[in-house]
Amino acid sequence: QVQLVESGGGLVQAGGSLRLSCAASGSLFRINAMGWFRQASGKERELVAIITSGGNRNYADSVKGRFTISSDNAKNTGYLQMNSLKLEDTAIYYCYAHTMGADYWGQGTQVTVSS
């Protein structure tokens, strides 16, 4: 079992920055990838960024060059640095962890970008 707890969401003006954190606990040795998804109102959940245990990173085209995913293994915490935020980045952001046996999700944190 893996537990994920997000923090760092909030209200920010367009062009601003936020950093999301995801604290992981439990069977961390089973995790082979962690990432962030988001779901805007009325839309499907979509991948934002993912990082593998080998350090490979992938981003949605819509966030490339603006968002950076990282992790601090000593703190068992993952991060999503979001810069140059746009109105369309408004969504609930979910932390995600993939293991061989199951996928795990955090409870979500709201990010709202205002004009």
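The values are calculated or read from the model by the stated rules, or taken from the named source; none is laboratory data. Bear in mind that the values here come from a model prediction, so they are computed numbers and not experimental data. Note that we place each Cβ from the backbone using ideal geometry, even for glycine, and neighbour counts take in every protein chain shown.
SER115 fails exactly one of the following numbered conditions: (1) closer than 20 Å to SER7 by Cα; (2) of a type in the set (Ser, Thr, Tyr); (3) in contact (Cβ under 8 Å) with a residue 40 or more places away in the chain. What is the number of that condition? In the conditions (1) closer than 20 Å to SER7 by Cα; (2) of a type in the set (Ser, Thr, Tyr); (3) in contact (Cβ under 8 Å) with a residue 40 or more places away in the chain, SER115 misses (1) alone. From the set of residues in region 82-115 that are part of a loop (DSSP other than H, G, I, E, B) and within 14 Å of the chain's Cα centre (by Cα), which is surrounded by the most Cβ atoms within 10 Å (Cβ to Cβ)? Only one residue tops the list, namely GLY106.
Apart from one condition, ASP72 fits all of (1) of a type outside the set (A, V, I, L, M); (2) surrounded by 12 or more Cβ atoms within 10 Å (Cβ to Cβ); (3) in contact with a strand residue (DSSP E or B) (Cβ under 8 Å, 6 or more places away or on another chain); the exception is (2).
Of the strands (runs of 3 or more DSSP E) lying entirely inside region 7-81, those containing at least 2 residues that are closer than 12 Å to CYS95 by Cα, hydrophobic (A, V, I, L, M, F, W, C) and without any contact (Cβ under 8 Å) to a residue 40 or more places away in the chain span 46-52.
The set of residues in region 24-45 that are surrounded by 13 or more Cβ atoms within 10 Å (Cβ to Cβ) and modelled with pLDDT of 95 or more comprises GLY35, TRP36, PHE37, ARG38, GLN39, ALA40, ARG45.
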